[in-house]
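The values are calculated or read from the model by the stated rules, or taken from the named source; none is laboratory data. The structure presented is a predicted model; accordingly, all values stated were derived computationally and were not measured. Every residue, glycine among them, receives a Cβ derived from its backbone with ideal geometry; neighbour counts consider all protein chains shown.
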Amino acid sequence: MNKLLVKVFLVVALMSNVEKACAGAYDDILAAAENGRTENVINLLQLGMDVNTAAPDGSTLLMIAARNGNIELLDYLLRNKANILKQNKYGDTALMLASLRGQLEAAKHLSAVVTHGRPNEGWSALHYAAFSGHVEIGRLLLSNGAEVDALAPNGQTALMFAALFGHVEMVRLLVTAGANINLLDTNGKSAHVLAASKGHTDIVRYLASIHSKLYDW
């Protein structure tokens, strides 16, 4: 066989092996992050893997650590300049996912770096916390400057989500923080109406009492 052809075959074989090794490392680091094998993740990062490695849906290692409450990995990634504002294909950030899953410690660590939960005009961390009823995370986000009446893409506020899903303590927190109880979503429904539609009578009564105080009824 011609020497040139031998070299070509060797180069192709080498490139194929490199690609397989990279693909293997990519799968390994994502699996390790998902399964809490922090030491394995750190070892692969130290071997040259990107700190912002992301799954096919765009969820980065930081997002995975945040939603799983893996504080050790979260802190390592933050110390090594992981991009806290990256979004997956659904528009979620690490802070938003921590808020949705009720990962308070993760939210605290992330909030120490970024003081807002709304990278764009879409969903916010506060919307997610209200949707899931995670009151302490809601309190944390509000103390860090989250917009209490920010509108989600469907025109609903955090208060509307809390009311719709029956999270009375979250409703109280948001109202105390100055949420406007008279705002309407794109279907013309207020938090009061949304709560009533699901039979959340405790929230209906509470919002009615607030309305009465505001207008001296």
Quick check on my filter: what residues within segment 51-108 are small (Gly, Ala, Ser), surrounded by 19 or more Cβ atoms within 10 Å (Cβ to Cβ), under 16 Å from LEU126 (Cα atoms) and out of contact with any Phe, Trp or Tyr (no Cβ under 7 Å at 6 or more places or on another chain)?
ALA66, ALA94, ALA98, ALA106, ALA107
Can you go through LEU95, LEU85 and tell me which one is among the hydrophobic types (A, V, I, L, M, F, W, C), within 23 Å of ARG172 (Cα to Cα) and in contact (Cβ under 8 Å) with a residue 12 or more places away in the chain?
LEU95
Enumerate the pairs (first residue in segment 164-176 and within 14 Å of VAL204 (Cβ to Cβ) and surrounded by fewer than 24 Cβ atoms within 10 Å (Cβ to Cβ); second residue anywhere and basic (Lys, Arg) and modelled with pLDDT of 95 or more) with beta-carbon separation below 7 Å, excluding pairs fewer than 6 apart on the same chain, so at least 6 apart or on different chains.
LEU164/LYS198; GLY166/LYS198
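Looking at segment 81-152, what helices (runs of 4 or more DSSP H) fall wholly within it and have at least 1 residues that are more than 16 Å from THR176 (Cα to Cα) and of a type in the set (D, E, K, R)?
So the answer is 94-101, 104-111.
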Return a yes/no flag: does segment 189-197 have any residue that is closer than 15 Å to LEU126 by Cα and over 22 Å from the mean Cα position of the chain (by Cα).
no
Any chance TYR90 is under 13 Å from the mean Cα position of the chain (by Cα), of a type in the set (Ser, Thr, Tyr) and farther than 18 Å from GLY145 by Cα
yes
State whether the residues of segment 186-209 include one that is modelled with pLDDT of 95 or more, aromatic (Phe, Trp, Tyr), assigned to a loop (DSSP other than H, G, I, E, B) and under 30 Å from LYS108 (Cα atoms).
no
